[in-house]
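Sharing a structure here in structure tokens format.
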Amino acid sequence: MTVESRLQITPPDLDLAVLAEREGLLDVAVGRVDTPVGELIVAATEKGLVRTSWFDEEATMQELSARISPRIFETPTRVDPIRRQLDEYFDGARRQFDVAIDWVLVGQWARKVLAAAARIPYGEVSTYGAVAAEAGSPKAFRAAGTALGQNPVPVVVPCHRVLPAGARTIGQYTGGVHIKEHLLQLEGAI
Amino acid sequence: MVLPPFPSLVEEHRTAVWGYLVALVGRADAPDLYQDTVLSALRAYPKVHDASNLRSWLLSVAHSRVVDRARARARRPEVLGDPPEHSSPVVASERDDELWSVVADLPEKQRHAVVLRFVGDLSYAAVAELTDTSEAAARQNVRAALARLRKELS
């Protein structure tokens, strides 16, 4: 071996997630769930589930790093319970999620709209107008649509159960309408 | 400016930080200081004001850890014959003790330059900046160090 190559020792490989957890500095934990319609990224703070995303892991991590904290790590532990529930949901074995949600990414109005969407039972649907009314602003169906489009935790908070009035189309869905279609079919709503 | 996720930060700069620590404190002490540095950086990270030169920031965190450890050691001198704090199960030949003992004996400028260059994988420009010399001097120091190492290790 040349002297140069003997000098080229590499740094220790630290498990950053373990270190962060030990220090109580694991601000955001990230994991992935395989679903029939693609990979769902899930992220949780200490307060609860903060994000589910149909976009790729790197993009999601950058987003959450900027919006919540750059102390963000891919690690199973904190997100395993919600991952299991999502697996069960996509298998048709679960109709309701039992998880604390950290609403830090949404403002007050959006929270009201999303809480109204969360009250729509499995297998049923509602309209943007009805959800807007439930959130306290019956005329604001467009704003309700926008708030639903900004749902930080799709699937778990069922913005997919909200359709335009008249139901000629199933409406829009961040991540792709085919996903909304799959979820509604899974639930037996369409 | 936006801070990158901490794991990306470490991924990008880990080699440079490691090289810097091996240059300053030697092969044996570097692993502990590396972990100290990463932990320190983790604690301070969200408070970083200037995201434009994160490598510089990390190296200054590393430097602080080196200084702190030197102070702690000065207050608590080690008794001769104490076993090393973190003895490794890896055998001496795998750790390449022979190489690192010759490196430790190099004059400081040569030692720093050759370690920053080959362990830290830093450019000559970066080596020059960190050792407060010219690029030409950095190259010369590396050349001289390699010549000495080759001679002592043949």
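The values are calculated or read from the model by the stated rules, or taken from the named source; none is laboratory data. This structure is a prediction, so every number in the text was calculated from the model and none was measured. Cβ atoms come from the backbone with ideal geometry, glycine included; neighbour counts cover every protein chain shown. We work out accessible area using only protein heavy atoms, side chains counted, and drop any ligands, DNA or RNA first. Shrake-Rupley method; radii C 1.70, N 1.55, O 1.52, S 1.80 Å.
Mean-square fluctuation check for chain B, GNM, Cα pairs under 10 Å: which of B:Val119, B:Val103, B:Val91 is largest?
Highest fluctuation among the options: B:Val91.
Sticking with this one: Which residue fluctuates the most in chain B, going by a Gaussian network model with Cα springs under 10 Å, if the choices are B:His63, B:His112, B:His49?
The residue that fluctuates most here is B:His49.
Given only helices, namely DSSP H runs of n ≥ 4 each adding -39500 (n - 2.57), what is the per-residue ellipticity at 222 nm of the protein assembly as shown, to the nearest 500 deg cm²/dmol?
Numbers: 16 runs with 181 residues, N = 344.
That calculation yields -16000 deg cm²/dmol at 222 nm.
Whenever you get a sec, compute what percent of the accessible area on the stretch A:67-190 sits on carbon and sulfur atoms (1.4 Å probe). It would help to have the intermediate numbers written out before the result.
On the way: 3040 of 6300 Å².
Taking all protein chains in place, the stretch A:67-190 shows 48 percent carbon and sulfur surface.
While we're on this one: What is the angle, in °, between the Cα long axis of helix A:80-90 and the longest principal axis of the Cα atoms in chain A? Nearest 10 is fine, range 0 to 90.
It is inclined by approximately 40 degrees.
Which value, in Å², gives the accessible area per residue of the stretch A:44-103 when a 1.4 Å probe is used on the protein heavy atoms?
Accessible area per residue, the stretch A:44-103: 52 Å².
Total accessible area buried between chains B and A, 1.4 Å probe, in Å² to the nearest 100?
Counting both chains, the buried surface is close to 2600 Å².
Which value results when the Cα radius of gyration for chain A is divided by 2.2 N^0.38 Å?
1.22
If amide H atoms are built 1.01 Å from N in the plane of the peptide, which residues on other chains or at least 5 residues away come under 5 Å of the amide H of A:Arg51?
Under 5 Å from the amide H of A:Arg51 lie the amide H atoms of A:Ala43, each far enough along the sequence or on another chain.
Can you pull the Kirkwood radius for the stretch A:1-106, inverse mean 1/r over Cα pairs, to one decimal in Å?
Final number for the Kirkwood radius of the stretch A:1-106 is 15.4 Å.
Rounded to whole Å, give me the distance from the Cα center of the stretch A:57-116 to that of the stretch A:134-190.
That distance is 17 Å.
Could you size up the charge dipole of chain A around its Cα centre, putting +1 on the beta carbon of Lys and Arg and -1 on that of Asp and Glu, and report it in debye to the nearest 20?
Dipole about the Cα centre, nearest 20: 1000 debye.
Determine the dipole magnitude for the protein assembly as shown: charges of +1 sit on the beta-carbon of Lys and Arg, -1 on that of Asp and Glu, nothing else is charged, the reference point is the Cα centre, and the result goes in debye to the nearest 20.
Using Cβ point charges on Lys, Arg, Asp and Glu, the protein assembly as shown gives about 1000 debye.
Please build a GNM for chain A, connecting alpha carbons under 10 Å apart, and tell me which residue among A:Ala59, A:Ala140, A:Ala132 fluctuates the most.
A:Ala59
Can you list the residues, at least 5 places off or on another chain, whose amide H is less than 5 Å from the amide H of A:Val162, using H built in the peptide plane?
Excluding prolines and chain starts, which carry no amide H, the hits are A:Ser126.
Next question. Hey, rough spin-label estimate for B:Arg143 and B:Ser93, points 7 angstrom out along Cα→Cβ, what's it come to in nanometres?
Placing both labels 7 Å beyond Cα along the Cβ direction yields 3.5 nm.
Further question on the same structure: Given N residues in the protein assembly as shown, what is its alpha carbon radius of gyration divided by 2.2 N^0.38 Å?
1.36
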